[in-house]
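The values are calculated or read from the model by the stated rules, or taken from the named source; none is laboratory data. Values in this document were obtained by computation on a predicted structure and should not be read as measured data. Note: ideal-geometry Cβ built from the backbone for every residue, glycine included; neighbour counts use all protein chains shown. These accessible areas exclude ligands, DNA and RNA; they are computed on the full protein's heavy atoms, side chains included. Shrake-Rupley method; radii C 1.70, N 1.55, O 1.52, S 1.80 Å.
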Amino acid sequence: MTGKMNFSELPCQDGHRIGVAALDNPASLNALTLDMLKQLSAQLTDWAQDDGIVCVFLHSEFAKAFCAGGDVRAMYHAMLSAESHKEAGEQGASPEAFLTEYFSVEYRCDYQIHQFKKPLIAWGEGIVMGGGIGLFVGAGHRVVTPSSSLAMPEITIGLYPDVGGTWFLNQLPGGVGLFLGLTGARVNASDALDLKMTDHILLADQKEALLAALCDLNWQTVTDHDQAVTDCLSQLAESAKPAWPPSQMIPYFPQIMAACVGRNLDEICQQIQAIDGLGTWLETAKATLKKGSPISAHTCYRQVRDYKNISLADSFRLELGLSVRCGLLGEFQEGVRAHLIDKTGEPQWIFPNVAAVDTSVIDDLFAPMWHEDDHPLADLV
């Protein structure tokens, strides 16, 4: 995969500059390759230390997608290659080493965005899913357009809501985070605003107007840079209100909250299937849950049930071990094969349904992989 990041700097009228980072991997809806993540992380570090940079703008020049997720195809081929080498008695990179490096770099980059001290705008036009959510949710100023669609659909490929999902799903109203993780349901712009998953809805053709307004600011006289950015966004957002899409999720909000309270996961899944309502959005969510990985469902359930008060840094540390173990287990590899490689759409999951899952398998996934001091993300604070 040949994805890359494009970086540029826009001059402001007072001599400062705005850093612009553009995701550039349109053939795969801007899936994040390891190189893209390394490039973005390095550039964010440079811009954070450059006093001339007053603001960062993260976007895609490809209107269809901000970012559809991580480069799971590369992970699949790395796992497959390692297995081939092992069967042939040859030396080769272990899947554990590749997965550890990829997820460590990705989560560290996500954490940088959460912790970035200067205004950082994420322009989430089009598809914002999986790893794209990881980049988007941590930005200080999150923008969607009327066409935007946000989701954590990892249950379809045998993974789970990672990229800080253990933390941010628990920030959502009761039951909503679990529902989104179990069903991979898409959240449109209006629902994202109501759920506080975004801060502003702007029209797609207002991107250039926003950048122009930011460049026209006198940053030397502005005492609160974040407030100045918010003011620019709010002024533009007023004219976008007539284009807001109708809510899809909010009408089902009470039913979703009630359905996601139960004695166990099996009961909750049955209650979700029993939510009363017609329409493509709800039916798609139910179908995704029904066909999704039972192991992923249990993993998401435990994330939300047992880690309600986890810190962001601890969330990334927990998920690094979880993600590597998911890759080694085989469920993740099978999901990618069925949906993205062979495209049969019929993965052969390890367990036939959530009731059949051996919970000791889930216990093993959550077991620490490293001692606290040796953890690859031990320095996150």
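So here's what we get for this one:
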{"quantity": "Cα gyration tensor of region 68-215 - equivalent ellipsoid semi-axes, whole Å, descending", "calculated": "33, 18, 14"}
{"quantity": "Charged-residue dipole, Cβ positions (Lys, Arg, Asp, Glu), the chain about Cα centre, Debye nearest 20", "calculated": "820"}
{"quantity": "Heavy-atom accessible area ranking, 1.4 Å probe, most first, across 372, 331, 267", "calculated": "372, 267, 331"}
{"quantity": "Solvent-accessible area, 1.4 Å probe, carbon plus sulfur percent, for the chain", "calculated": "52"}
{"quantity": "Qualifying trypsin sites (Lys or Arg not before Pro) in region 259-343, DSSP loop, other Cβ atoms within 10 Å at most 16", "calculated": "263, 308, 343"}
{"quantity": "Förster radius 22 Å - calculated FRET efficiency between residue 42 and residue 2 (Cβ-Cβ, nearest 0.05)", "calculated": "0.75"}
{"quantity": "Estimated D of region 331-376 in µm² per second, where Rh is the Kirkwood radius over Cα pairs and Stokes-Einstein applies at 10 °C, 1.306 mPa s", "calculated": "123"}
{"quantity": "Between 0 and 90°, nearest 10: helix 225-238 axis offset from the chain longest Cα axis", "calculated": "80"}
{"quantity": "Rounded to whole Å, sorted largest first: equivalent-ellipsoid semi-axes of the chain, Cα gyration tensor", "calculated": "34, 26, 18"}
{"quantity": "Where labels lie 7 Å past Cα in the beta-carbon direction, separation of residue 369 and residue 308 in nm", "calculated": "2.9"}
{"quantity": "Entries of 117/207; 207/286; 64/343; 118/207 with Cα pairs more than 27 Å apart", "calculated": "207/286"}
{"quantity": "Normalised per residue, the volume of the convex hull around the Cα set of region 222-301 (Å³)", "calculated": "163"}
{"quantity": "Cα extents of region 16-141 along the three principal axes, largest first (Å)", "calculated": "57, 31, 18"}
{"quantity": "Cα-Cα pairs of region 274-372 separated by more than 19 Å (percent)", "calculated": "51"}
{"quantity": "Top of 30, 188, 353 by mean-square fluctuation, Gaussian network on the chain, Cα under 10 Å", "calculated": "353"}
{"quantity": "Integer Hz, Karplus 6.51/-1.76/1.60 couplings in order for region 95-102, x for Gly and Pro", "calculated": "x, 4, 5, 5, 4, 4, 5, 4"}
{"quantity": "log10 of Debye I(q)/I(0), alpha-carbon scatterers only, for region 171-283 at 0.10, 0.11 Å⁻¹", "calculated": "-0.44, -0.51"}
{"quantity": "Stretch gain in nm, segment residue 27-residue 101, where the contour uses 0.36 nm per residue and the Cα spacing is subtracted", "calculated": "24.3 nm"}
{"quantity": "Region 113-188: trypsin sites (Lys or Arg not before Pro) falling in loop per DSSP and having at most 13 other Cβ within 10 Å", "calculated": "117"}
{"quantity": "Candidates 359, 183, 344: whichever shows maximal mean-square fluctuation once the chain is modelled as a Gaussian network with Cα springs under 10 Å", "calculated": "344"}
{"quantity": "Longest to shortest principal axis, alpha-carbon extents of region 1-86, angstrom", "calculated": "59, 28, 15"}
{"quantity": "Cβ-placed point charges (K, R +1; D, E -1), dipole of region 230-346 about Cα centre in debye, nearest 20", "calculated": "160"}
{"quantity": "Normalised contact order of region 31-175, rounded percent, pairs of Cα under 8 Å and 6 or more residues apart", "calculated": "27"}
{"quantity": "Förster-model FRET efficiency, 30 Å R0, residue 80 and residue 270, C-beta, rounded to 0.05", "calculated": "0.25"}
{"quantity": "Rounded accessible area per residue of the chain, 1.4 Å, Å²", "calculated": "42"}
{"quantity": "Difference of contour (0.36 nm per residue) and Cα-Cα distance, residue 284 to residue 261", "calculated": "6.2 nm"}
{"quantity": "Charge dipole of the chain about the Cα centre (unit charges at C-beta), most positive-ward option of 157, 274, 180", "calculated": "274"}
{"quantity": "Positive-end residue, region 311-381 charge dipole about Cα centroid, Cβ charges, pick of 340, 355, 320", "calculated": "340"}
